[in-house]
Structure formats: structure tokens, C-alpha cells
Amino acid sequence: MKQSLLFAPTLRDMPKEAEVISHKILLRGGYIKQTAAGVYTYLPLGYKVIKKIENIIREELDNIGCSELLMPALQPKELWVESGRWDHYGKELVRLTDRHERDFCLGPTHEEVITSIVRDFITSYKKLPLALYQIQTKFRDEFRPRFGLMRGREFIMKDLYTFSSTQEDLDEWYLKVREAYINILNRLELHFRIVRADSGNIGGKNSEEFMVLCDIGEDTICYSDESDFAANIEKEDYPDGAVSPDGVGHIKHAKGIEAGHIFKLGTKYSEPMKAMFIDKDGKTKPIIMGCYGIGVSRLLMAVLEQHYRDDKAIWPKEIRPFDVHVLPLDKAGTPGYDIALDLAQKLEAKGFDVLFDDRAESPGVKFKDADLIGIENRIIVGRKAVEGIFEYKNLNNDEVSELTLDELLKKEF
Ligand code: ATP
Ligand code: MG
């Protein structure tokens, strides 16, 4: 793609509102723009990465048999009265009244809507199980929106709901989704722990959170240094250095960013909302549910907190906005520029996603913007291009080498 057509408004100065590195990179690189406190626009670069994250999630969930749908953000009060959450959710729920004085809320989560859909269509055990998810904008009037996308008032979440006729089937889905989440976070190259958690506003007894380990995380976890045991300290805590409750290893503490949360809801929503089915034995029973969330927009930042170098983004391979950045130092109409364009086209023909800086800017401006955007593989087409020599720079390890066209075309980026 030609950079002159890319809307990536980079910032030379450090924005005051950004306290953490991921937020700084996203603002300065022209990935996102704040529209109101806790409300952001995903600019083309940011949205490109978001879509790649979403597609990883889609692939992993479709792979275990989930189906995608899209529910409305605008939800009628009546459903929330049925579940009992209209009175209990508190001020985080964005409530509004339409011109006919009917009450609505903007969904912070979708248990009520999905339960109301499934109860209208599913009446027999023969139609179960079901696993339905969406990737959608959520609204929560957070008391203190913070760190950009990390705690927004409007944010993108993937929410999945499973419907089973037996507890064993729910247990199976829970494990399958847990595995899918592990695959998703691994593909995002994240260092994380799965921790026992409190169920908060969503409810249910058993739940686990996927914590991206990072010093700016708002949660504190305790974990065993030798086993898989880990818990959010809101749920359970043990003194530093104590023997882990599973008897293996010792307790350590760390900060984490909650990237995902999975719950065995049981019949918390199906019972009050009367989502019933007729079982094999002819008896009418409430459907047994699970729900599973991932903070998609929060992940954009969580990933960067673990993937940057010298203030530059080093995106994990599967979600980087471009594979290669080609910077001709000469302006259009010169042989150097034409050589660069030819290289960019050859790389694109090989399947790489190339950003080509066609702008009539000075080399200084081009380098600065390239640093702010942060594309790991950079090819500089300078004075030696007419002799067939290109400069390759890798932002992740500062490797700089002079390569010929053939060598570049053989390279895996
Ligand atoms: P937190 O404890 O961070 O407030 P939560 O437990 O209320 O989150 P869930 O209801 O479990 O969140 O939502 C599922 C996922 O959505 C979370 O794991 C998190 O990744 C994401 N998420 C929740 N609230 C926000 C927010 N305000 N901004 C961005 N992402 C969020
Ligand atoms: Mg949670």
C-alpha cells in the first residue's frame, strides 16, 4: 500500500494523557484517537490489527464448533428485570430512555439477550449443545477509564455463550474453550497465566481469568513457581514464599492484565429467564450455560506492553499491520524511486503486505514516521540502489545488512 493513502496521523510530541508505553505507541503511531474519556476511534492501522486479532479468535472458536452471530447493543430493560440485573448492575450500566419513555441499556455483556433468543427456539435436549459468540462493542460507564483501551467505557469484546443439557457437557465445553483461549493467546505471543477468579457482576460459581503478565496490570495474582496453581488475590491469597496449596512449589506474586474470563454459569440466567428444555427423561429443566469473554481492544494494548523495543512497536507476526516497510529516499521520478517501487511490487507479488513510503517527504521525516508506526522489517532504498544494493533493518534486533534484490526476494519476513 502507498503510504500517502494511509491515514496514520503520527504525533511528534509525547501526548500528555498517555501514561503507559502501549498507549504512547498507539497514539503516536496514529493507530487510535481519543474521542471522549474512555471512548476511542480505531484509525486504519489500529483497526487493521484489531481485525487480525478478531480473526485469530474466530479461527480458534470456529475450530471447536462455535458459531458467530451479532446481537444488538441496545437492550430493553424488561430482559434485565427478568434476570434481576436491572437493579443490581449499578452505575456501570449505561441506561437510556427512548422517545416513548421506554427504558433501555447499552449492553455491558449479553447474557440476557442470548438467553432470550435461545429460550424461544430450543425446547428439546435434541437441539443441544449450542455455542454462540459475537465480536461486538460493549458499554460500561467505568468510574475511572484508564490507560486508553485498557479500561474503556466503550470497548470491543468477544463474548461466547454455551448451552448444554448436562453438567458434563458444560464441563467439556469449558475445557474446549479454555484450550482455544490458550491457542489464541499463544498465537498473540503473550506470556500469561490462567488464574482462579471471582465471578463479579456476571455470576456463576467457577471461573478463571487469563492474565497477561505485566507490571502495569491492575490485578495482582499469586502463583506457584513450579506448578500451574494460580489465583487472582481477589479470590484467594497466600503469603509470599508459602508452600503452594497444591503442595508443589512456592507462592510468588505478579501483576496481570485480564485478557479473558471464562465462567460456568450453570442455571443463573436460564432459571429466572425460563430458558427450559425437555430432557431425555421427559422432564422440563433449565438449560445449563457457560459464558466466555475476551477483551479484544484491551488485547491491542496488552500485546504491545509485552512487544516493544526502544519505544517502537514490535508486533507479533500474526497481527502486524504490515510485513515490510519500503522507504525510498529519493522522490518520485528518480531511478532510485522506481527501483524501490519495483521491489515493493515484487514483495507484494510474493504475498507480503508491504507499506511503500511514496510521499515527497525528507528522509528524516520518513524515518521518524517509520519508527513511530513500527514495522519490524524495513528496507531502505538509498544511494546504492542503482548498484542493486538495499539496506535491510530489523527493528527487533537492530540487525542491519546490505542485501541484493535476489537476497531480499528470498528472505522470509
Ligand atoms: P475488569 O475486572 O478488568 O473490570 P471484568 O471482570 O469486569 O473486567 P468481564 O466482564 O469478565 O470483565 O469481561 C470480559 C473481558 O472484557 C475482560 O476479561 C476484559 O478483557 C474485557 N474488559 C472488561 N472491561 C473492560 C473495559 N472497561 N475496557 C476494555 N476491556 C474490558
Ligand atoms: Mg472478568
Average accessible surface area per residue within the chain, 1.4 Å rolling probe, Å²: 45 Å²
Inverse mean reciprocal Cα-Cα distance (Kirkwood Rh) of the range 75-140, Å: 13.3 Å
Using only the Cα atoms, work out Rg/Rh for the range 1-108, with Rh taken as the Kirkwood radius, to two decimals. 1.09
Please report, in cubic angstrom per residue, the volume enclosed by the convex hull of the alpha-carbon atoms of the range 239-333. 288 Å³
Antiparallel DSSP bridges in the range 256-413: what percent, to the nearest 5? 70 percent
Rounded to the nearest percent, how much of the accessible area of the range 295-337 (1.4 Å probe, protein heavy atoms only) is carbon and sulfur? 44 percent
Along the Cα-to-C-beta direction of Glu236, a point sits 7 Å from the Cα; which residues of the range 169-208 have their amide N less than 17 Å from that point? 194-200, 205-208
State the antiparallel share, in %, of DSSP beta bridges confined to the chain, rounding to the nearest 5. 85 percent
Need one number: nm distance between label points at Thr267 and Asp171, each 7 Å from Cα along Cα→Cβ, rounded to one decimal. 1.8 nm
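Please compute, over every Cα-Cα pair in the range 143-299, the percentage with a separation greater than 23 angstrom. Provide the component values of the computation, followed by the final result.
On the way: 5437 of 12246 pairs.
Counting every Cα pair in the range 143-299, those more than 23 Å apart make up 44 percent.
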State which entries of Lys2/Lys24; Lys77/Lys126; Lys51/Lys312; Lys91/Lys235; Lys2/Lys33 exceed 27 angstrom in Cα-Cα distance in the structure shown. Lys77/Lys126
Over the range 223-270, calculate the relative contact order: mean separation of alpha carbon pairs under 8 Å at least 6 apart, over the residue count, as a percent. 35 percent
Once you have the alpha carbon radius of gyration of the chain, what is it after dividing by 2.2 N^0.38 Å, with N set to its residue count? 1.14
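Carbon-plus-sulfur fraction of the accessible area of the range 26-70, 1.4 Å probe, in percent?
Carbon with sulfur: 50 percent of the solvent-accessible area.
From Cα pairs below 8 angstrom and at least 6 apart in sequence, can you work out the relative contact order of the range 47-119, rounded to a whole percent?
Numbers: 47 pairs, mean separation 21.6, N = 73.
In percent, rounded to a whole number, it is 30.
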Grab the beta carbon distance between Lys280 and Lys77, set R0 = 41 Å, and tell me the FRET efficiency rounded to 0.05. 0.65
Using the per-residue mean of other Cβ atoms lying within 10 Å as a proxy for protection, in what order, highest first, do the peptides 236-242, 22-28 fall? 22-28, 236-242
Computed E for Glu387/Glu218 - FRET, C-beta separation, R0 56 angstrom, nearest 0.05: 0.55
Residue separation between Lys16 and Lys331 times 0.36 nm, minus their alpha-carbon distance, gives in nm 109.9 nm
Sorted largest first, extent of the range 291-404 alpha carbons per principal axis (Å): 58, 29, 25
For a label point 7 angstrom out from the Cα of Val365 toward its Cβ, which stretches of the range 383-403 have the backbone nitrogen within less than 20 Å? 383
Percentage of interatomic Cα-Cα distances in the range 180-227 larger than 17 Å: 44 percent
Spin-label zone in the range 250-291 - amide nitrogen under 20 Å from a point set 7 Å from the Cα of Arg178 along the C-beta vector: 257-268, 288-291
How much mean residue ellipticity at 222 nm does the chain get from its helices, if each DSSP H run of length 4 or more adds -39500 (n - 2.57) and you divide by all residues, to the nearest 500 deg cm²/dmol? -8500 deg cm²/dmol
Counting only protein heavy atoms and a 1.4 Å probe, tell me what percentage of the range 143-197's accessible area is made up of carbon and sulfur. 49 percent
Inter-label distance for Asp103 and Glu399, nm, one decimal - labels placed 7 Å from Cα along Cα-to-Cβ: 6.1 nm
Of all C-alpha pairs within the range 51-105, those more than 18 angstrom apart amount in percent to 53 percent
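The values are calculated or read from the model by the stated rules, or taken from the named source; none is laboratory data. This structure is a prediction, so every number in the text was calculated from the model and none was measured. Methodologically, a virtual Cβ is constructed for each residue, glycine included, from the backbone with ideal geometry; neighbour enumeration extends over all protein chains shown. In case anyone asks, the SASA skips ligands and DNA or RNA and just uses the protein heavy atoms, side chains included. Shrake-Rupley method; radii C 1.70, N 1.55, O 1.52, S 1.80 Å.
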